[in-house]
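I'd like to ask some things about the structure below.
The values are calculated or read from the model by the stated rules, or taken from the named source; none is laboratory data. As the structure is a computational prediction, the values presented were derived from the model and not from experiment. Note that we place each Cβ from the backbone using ideal geometry, even for glycine, and neighbour counts take in every protein chain shown.
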Amino acid sequence: MHERKLYLDKISPFVGKPLIKVVSGLRRCGKSTFIKMVMERLAEKKVPPRNIVHINMELMEFEFITDHRELYRYVKGRLPAAGGPKYLFIDEVQEIPGWEKAVGSLLAEKLADIYLTGSNSRLLSSEFATLLTGRYVEIPMFTLGFKEFLQFRGRQAGEADEQEFELYLKYGGLPGIHDLTFADEVIFQYIDAIYSTIMLKDIVARYRVRDVFLLEKISAFVFDNCGSITSAKKIADYLKSQRLKCGVETVQNYIGYLRDAHLIHKARRYDLKGKRYLEFHEKYYPGDIGIRHGVLGYRQQDIAGLLESVVHLELLRRGYTVAVGKLDDLEVDFVAEKNGRVSYIQVAYLLATGETEEREFRPLAKIPDNYPKMVLSLDKVWGEERDGIIRKNLIDFLLE
């Protein structure tokens, strides 16, 4: 079992504290395995097995838990009355109707230190957030970054990085692919199965979607236009051109479902001059580029969008809030903010010509502040820094 140190470091300060720990993320991104790692650490600290209750709602063993009352009764019956601190872990908690009522009561009664995982971003719905305001902490989990990908492959940084990065660009960061043979027909079949499960279980069944074909068309459009400015109206117009009836509101709802299931992430546009977020024409990036390829097929010619997607997900993984910058008629790929500090990032495949270099550096040079500015590309030979703008190899950035 490979250690997900990034997330263990994030959750460690909250272990044993009177807060519900919520680990959220894409189905099969490694949440359940991560929870087992936390339990292993508790075992290393000599916590008796009887003091740890683990419920995995993907297992038939727990199908009798059909609502919050059954959940509450089961947990109360399993936790010993004495014998030190108690711990409760529930995987895919959104499968239990009304779960928040039981969890809220267990927390109020101080019966256990509580950990939850879920594959739907509405896990922290307005009801739950209102019920437990200030009493939970959310830890978003993502698929493997390139550094983790190398660890799962048994590689060291600097060991065939370029060849490994090509594999990462093609297959993405789902941890489960590392149990398989690295061959297109094997990996993409596995990824397609996960995508189908997410679509049918986390979207179609949950939101009672009737037009599954329309949902799949909207999903494919968003994946195909990752990194491009888009809107619900643009998608609706495209669907009409394909002789599919679909209103803007339906498109907005379906995109919301895709986001709830962590299949895509939205990057809002930020006006760097007006210092405000714009209401329309955002960008969407895949929750994992491997899933995008599972839907559309792997296309090398999409390299610019793929690199943007990789960097966007890496910034989220590092805890940044990420937007797309607008400066008059120019665009900055990413405005990344964390703890009040901002970084501006441009992503390019290669700075092969003076024209390309000018296009990437010009927007950054025009930003009227002194926050760090960076251009990432796959170039190996570098010129000097320009106007204080850092040039960096994209793979080196991912391995930091």
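Name every residue in the range 216-233 that is of a type in the set (K, R) and either in contact with a Ser or Thr (Cβ under 7 Å, 6 or more places away or on another chain) or surrounded by 16 or more Cβ atoms within 10 Å (Cβ to Cβ) (or both), in order of residue number.
Within the range 216-233, just K217 meets the criteria.
Now, a different point. Only one residue in E331, E308, E337, E279 is surrounded by 13 or more Cβ atoms within 10 Å (Cβ to Cβ) and not in a strand (DSSP E or B), so which one is that?
The unique qualifying residue is E308.
Moving on to the next point. What's the total number of residues in the range 197-213 that are surrounded by 13 or more Cβ atoms within 10 Å (Cβ to Cβ) and over 15 Å from V251 (Cα atoms)?
Going residue by residue through the range 197-213, those that are surrounded by 13 or more Cβ atoms within 10 Å (Cβ to Cβ) are 197-204, 206-207, 209, 211.
Retained after the next criterion (residues that are over 15 Å from V251 (Cα atoms)): 197-202, 206.
Qualifying residue count, the range 197-213: 7.
If you don't mind, another one. Which of (1) out of contact with any strand residue (DSSP E or B) (no Cβ under 8 Å at 6 or more places or on another chain); (2) free of Cβ contacts under 8 Å to residues at least 24 places away in the same chain; (3) charged (D, E, K, R) is the odd one out, the single condition E385 does not satisfy?
Unmet for E385, out of (1) out of contact with any strand residue (DSSP E or B) (no Cβ under 8 Å at 6 or more places or on another chain); (2) free of Cβ contacts under 8 Å to residues at least 24 places away in the same chain; (3) charged (D, E, K, R): (1).
Residues in the range 1-54 that are under 20 Å from the mean Cα position of the chain (by Cα) and assigned to a loop (DSSP other than H, G, I, E, B): how many?
Within the range 1-54, residues that are under 20 Å from the mean Cα position of the chain (by Cα) and assigned to a loop (DSSP other than H, G, I, E, B) number 8.
Identify the residue in the range 282-305 that is in contact with a Phe, Trp or Tyr (Cβ under 8 Å, 6 or more places away or on another chain) and β-branched (V, I, T) and, among all such residues, is surrounded by the most Cβ atoms within 10 Å (Cβ to Cβ).
Here the residue is I291.
Among the residues of the range 93-138, write down those that are touching a Gly at 6+ places or on another chain (Cβ under 9 Å), among the hydrophobic types (A, V, I, L, M, F, W, C) and modelled with pLDDT of 75 or more.
The answer is V93, and nothing else.
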